[in-house]
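Worksheet for the structure shown next.
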Amino acid sequence: MAYKKWTRNYGLNISSNKVDEYISMVSESWDNMIWSKEFSEKAKSYITVEGLAAIQQAGDLTDERINGLLDFETKYQKEEMELVLKALIAKKDKRALSLALKIGKSELYRPLWHSAFEYLATNKSQEAEDFFINFLINDDHNRPELTKIADDYFR
């Protein structure tokens, strides 16, 4: 539908297959591009589109709301908590570490463990190190993707 509107508005006569082929080529070259270390480091200081979306969708990021989500189980709690975690991470909020640790230690938030582990792996702190040590000691090897994140933290 969007393709037809686009070609009609601009008077283009290109088949949708050709457009898809071109977009995939551009996407592949972008994904495989090797960026300079300086560029990569500078890019880390900017919020991603996903981060901006999480901030907007998460809404209220007060301690009261976060504690309320942690204290009470609601129908949409996991989805809300995931948005809150992503928003705090995007904003580089110091509370993201504490929330990621709480999520990573709670069976209730099992679906969010991967996100929490990935964030903790970027945080070189004593709390994150202790968390990963405890995880690896008690790891039952049922979650190899989490074990890999924990192992990579110490590399």
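The values are calculated or read from the model by the stated rules, or taken from the named source; none is laboratory data. Because the structure is a prediction, the values reported are computed rather than measured. Here the Cβ is made from the backbone with ideal geometry for all residues, glycine too, and neighbour counts use every protein chain on show. These accessible areas exclude ligands, DNA and RNA; they are computed on the full protein's heavy atoms, side chains included. Shrake-Rupley method; radii C 1.70, N 1.55, O 1.52, S 1.80 Å.
For the range 39-111, which whole-number percentage of the solvent-accessible area (1.4 Å probe, protein heavy atoms only) is attributable to carbon and sulfur atoms?
56 percent
Counting only heavy atoms of protein chains, what accessible area per residue, in Å², does the range 90-138 have with a probe of 1.4 Å?
Heavy-atom SASA per residue in the range 90-138 reads 56 Å².
Put Ile55, Ile137 in order of accessible area, largest first, 1.4 Å probe: what do you get?
Ile137, Ile55
Find the eigenvalues of the gyration tensor of the Cα atoms of the range 17-139, then list the square roots of 5 times those eigenvalues as equivalent ellipsoid semi-axes, largest first, in whole angstrom.
30, 20, 15
Can you pull out the chymotrypsin sites (Phe, Trp or Tyr not before Pro) in the range 49-155 whose DSSP state is coil and whose Cβ has at most 16 other Cβ atoms within 10 Å?
Here the chymotrypsin sites (Phe, Trp or Tyr not before Pro) that fit, given the DSSP loop and packing criteria, are Phe72, Tyr76, Phe154.
Given labels modelled 7 Å from the Cα in the Cβ direction, how far is it in nm from Asn17 to Asp130?
Calculated label separation equals 6.1 nm.
Excluding ligands and nucleic acids, what accessible area in Å² is computed for Arg143 using a 1.4 Å probe, to the nearest 10?
The accessible area comes out at roughly 40 Å².
With an 8 Å Cα cut-off and a minimum separation of 6 or more residues, compute the relative contact order for the range 42-155 in percent.
For the range 42-155, the relative contact order is 21 percent.
Based on Cα coordinates alone, diagonalise the gyration tensor for the range 27-88, multiply each eigenvalue by 5, take square roots, and list the semi-axes in whole Å, largest first.
33, 13, 9
What GluC sites (Glu not before Pro) in the range 61-141 are in a loop by DSSP, with at most 16 other Cβ atoms within 10 Å of the Cβ?
Sparse-neighbourhood loop GluC sites (Glu not before Pro): Glu73.
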